[in-house]
Amino acid sequence: MLRTLLKKEARLYKESVALLFEGSQKAVLFNIALSFLLSIDLVYHGVPSLRVWIWFSGLCLISVLRLALCVYATRSVGKGKDTLHLNLFFFSTLLTGGVWSLSYFFSIAYLNLMQEAVIILVYGGMCAGAITSLSPHLPSYMAYCVPIFLPVIVYNVMLMTFDRFILSIIFLLFIFGLGLLGKINNALLMKTFKLSDEKETLIRKLRLMSTTDPLTHLMNRNHFDEILKEECNRAIRNKHAMILIAFDVDNFKLVNDHCGHHVGDMLLIYISHLLQSSFRRSSDKLFRLGGDEFFAILSNTSLEDTVRTCKKISTQINVMKTQLESDTPSIFDEITMSIGIVEVPFSTEVNVKDAVIEADRALYQSKQRGKNQIVTHRLH
């Protein structure tokens, strides 16, 4: 349970970091564009152009470095360097906010109140807009906003006038409001990530339920046709034979009738475990198609090896007579396994239905010959 929780938290952390770096790439470009427009406006209102363009060049340099970091970090998310990239991003964002605030100080002496208000409005719009890209990581968001407005607040307090003091209080409340909005947005993002993660988990569970037999946990009929078609195509593509095996428990109805369905279920579970221990390769596919009927799809193996394995399975069925308790143990003397095997050469353009029909025909012949038999066919 703890491991699952830790994995979930790690997944949410990875998603938030990825969103932060991806969203910031566009925001960096927007910062450059906005700083260019502000530079033109400052020069137009009499701020020395050299001072303005040095500031603009410095901001562009920092922005390009941030952009490169974001691009690289986005490609490296989940590869063990997220914390390092996040720290570098934090400090670059802090530096960006500080550089933005410089535009206020070197231009304030050349601007009237209206033009000063324009700069402050630009600052406010940038900080409000940064919620979208930076709120996945609240420290980075505050590292951007605080350096922009804190020097402005200090400057207005130092002027020692009532109007400027009130203005600084308004700025302080604005920063507080931005932090609150950032926290709310961050909480909403985390909730969205969690809901998305829960949705994906639920979809995986539903998909598993739709393709898995609930009793034996083998694949069920819904998955059989799809897997068989895939395995047929793979056999032709890789030029190796494929084996299809049909298993049927002889006299299984006697167990349900005389011992109860719970004992019958125990028998089916035992058989599923027996099949799983007998066909252990990752390429071996096992299914319970319903009732007491099982199927196996084997690839890249010989018919002779398959027959030997099936004979061992038939022999091991007897072991379960000592593992299943019942008031009528003689019933289990009647329990055996009929097996039909069909070999599908890779040269055959396989019709999936024909392969299944041939396996069923071999199984039927096994039953007709007195049960507890293994019958093999070869599809041509």
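The values are calculated or read from the model by the stated rules, or taken from the named source; none is laboratory data. Quantities reported herein were computed from a predicted structural model and do not represent experimental measurements. When we count neighbours, we look across all protein chains shown, and the Cβ atoms used for this are built from the backbone with ideal geometry, even at glycine. Just the protein is used for accessible areas: all its heavy atoms, side chains included, with ligands, DNA and RNA removed. Shrake-Rupley method; radii C 1.70, N 1.55, O 1.52, S 1.80 Å.
Worth pointing out:
- For beta carbons closer than 7 Å, sequence separation of 6+ or different chains, a first residue in the stretch 13-31 that is more than 14 Å from Ser140 (Cβ to Cβ) and a second that is of a type in the set (Phe, Trp, Tyr) and modelled with pLDDT under 85, the qualifying pairs are Glu15/Phe193.
- Within the set Leu181, Leu167, Leu188, the sole residue that is more than 41 Å from the chain's Cα centre (by Cα) and in a helix (DSSP H, G or I) turns out to be Leu167.
- Of all residues in the stretch 73-96, exactly one satisfies the criterion of being in contact (Cβ under 8 Å) with a residue 40 or more places away in the chain, assigned to a helix (DSSP H, G or I) and among the small types (Gly, Ala, Ser), namely Ala73.
- Filter pass, Ser278 being surrounded by fewer than 16 Cβ atoms within 10 Å (Cβ to Cβ) and over 30 Å from the mean Cα position of the chain (by Cα): yes
- Selected residue (criterion: most open to solvent (accessible area, probe 1.4 Å)) from residues of the stretch 123-138 that are in contact (Cβ under 8 Å) with a residue 12 or more places away in the chain and out of contact with any helix residue (DSSP H, G or I) (no Cβ under 6 Å at 6 or more places or on another chain): Thr132
- Here the stretch 336-378 is the region considered, the condition is being among the acidic types (Asp, Glu) and within 17 Å of Ile227 (Cα to Cα), and the residue that is most open to solvent (accessible area, probe 1.4 Å) is Glu349.
- The set of residues in the stretch 84-105 that are open to solvent by 30 Å² or more (accessible area, probe 1.4 Å) and more than 27 Å from the chain's Cα centre (by Cα) comprises Phe91, Leu94, Leu95, Leu102, Phe105.
- Residue within the stretch 58-72 that is open to solvent by 50 Å² or more (accessible area, probe 1.4 Å) and over 20 Å from Lys26 (Cβ atoms) present: no
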